[in-house]
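Worksheet: one structure, shown below.
Every number here is computed from the coordinates shown, using simple stated rules; none is lab data. What you see is a predicted model, and the numbers here were worked out from it, not measured in a lab. So basically every Cβ, Gly included, is an ideal-geometry build from the backbone, and we count neighbours across all protein chains shown.
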Amino acid sequence: MDARTRIAALVAARDPAHTRFLLALAVSAGVGASVLTASLLLRGHPAQTSFLAVPLFLSAIAGSMAQDRTAIARFTTTVLMIPSVVIIVLVAVTLSQSRIAVTIAFILVVGAAVWVRRFGPRAGAIGSLCFMGFFFTLIMQVTAKDLLLFCTISAIAIAAQALMRAILLLKRPRRELTVLLRELRVASASAIHGSRHPQRAKNRRAELARIDEVARSISAWQQNVRTDHEIGCDEHTLDALVLEARVSTEEACAAIARAGHAAPSDSADAHGDQGQNQGQQHQHHALPHLLPEVKPHSDPQQLLRHAIG
């Protein structure tokens, strides 16, 4: 396995289906769009520099705080943040005339932001964003004169993240599964190759852990889509095939490692190659159709039909 394949295996297993990369890209794009829009609206405003921090932080928080189980739920949570932050800004400006009232309100908002977490990730995300909206309104010393502008840039900051969440809903489920199956193959090949060196037992455990990470990502994929609507099997069958792949890879790695330990030092490589071939034959015999070779221009539907058999 060359260096390029090793790097690909590491990246693939650490970020299956590139979900974390896509999320980071979406959040960054949302933050950039909100700051750019706010800078245009604030051009010539006396508080332009200080107000620009609001869309930067609110957009980043809105993009990272939505932790619901499904993509559509995360989009809904982000949309609900828009009226929530506008309302909390109005409350903060209204109470800012009285120091006692705003102090009591601040304490209540902090307590409420923590307490609503018991109702799930959506309530927790909205509560945290409301706290930040209340906090920034007081820090920026927003007056009634600047209220409309401040509410507008705050709403735009969150709306930009809602737009990015909507774009993420346009993912192609079959393509995602194709990528996950390919990365499961790459992670398995990397683990088998690493088993040739018994002295690298720690690395071998890390490789197997990466396979588990990809398998969990496949399970997460099934939570967002109907498996039987996308490919020619149900979720239980796919789970069984993935589990069989994991078990077969572990058995192959164990067989290769035993062959390496049993071999003399002067012929360790020869025995290691023999153990690797046996392990790979064992893996491919157990799973002849789960992990097909993925070509750059393969049709996803045809590929997955072959993969699941």
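Starting from the Cα-Cα distance between Arg118 and Ala206, subtract it from 0.36 nm times their residue separation and give me the gain in nm to one decimal.
Gain on stretching Arg118 to Ala206: 28.2 nm.
When the expected Rg is taken as 2.2 N^0.38 Å, what fraction or multiple of it is the alpha-carbon Rg of the range 116-238?
Values: Rg = 22.9 Å, N = 123, 2.2 N^0.38 = 13.7 Å.
Rg over 2.2 N^0.38 Å, computed on Cα atoms: 1.67.
Which of Glu207, Glu250 comes first, and how do the rest follow, when ranked by fewest Cβ neighbours within 10 Å?
In increasing order of surrounding Cβ atoms, one gets Glu250, Glu207.
What list do you get for Phe119, Phe136 if you sort them by fewest beta carbons within 10 Å?
Phe119, Phe136
What is the ratio of the Cα radius of gyration of the range 18-168 to 2.2 N^0.38 Å, where N is its residue count, to two decimals?
1.02
Please get the size of the charge dipole for the range 206-245, origin at its Cα centre, with Cβ charges of +1 on Lys and Arg and -1 on Asp and Glu, quoted in debye to the nearest 20.
So the magnitude is around 120 debye.
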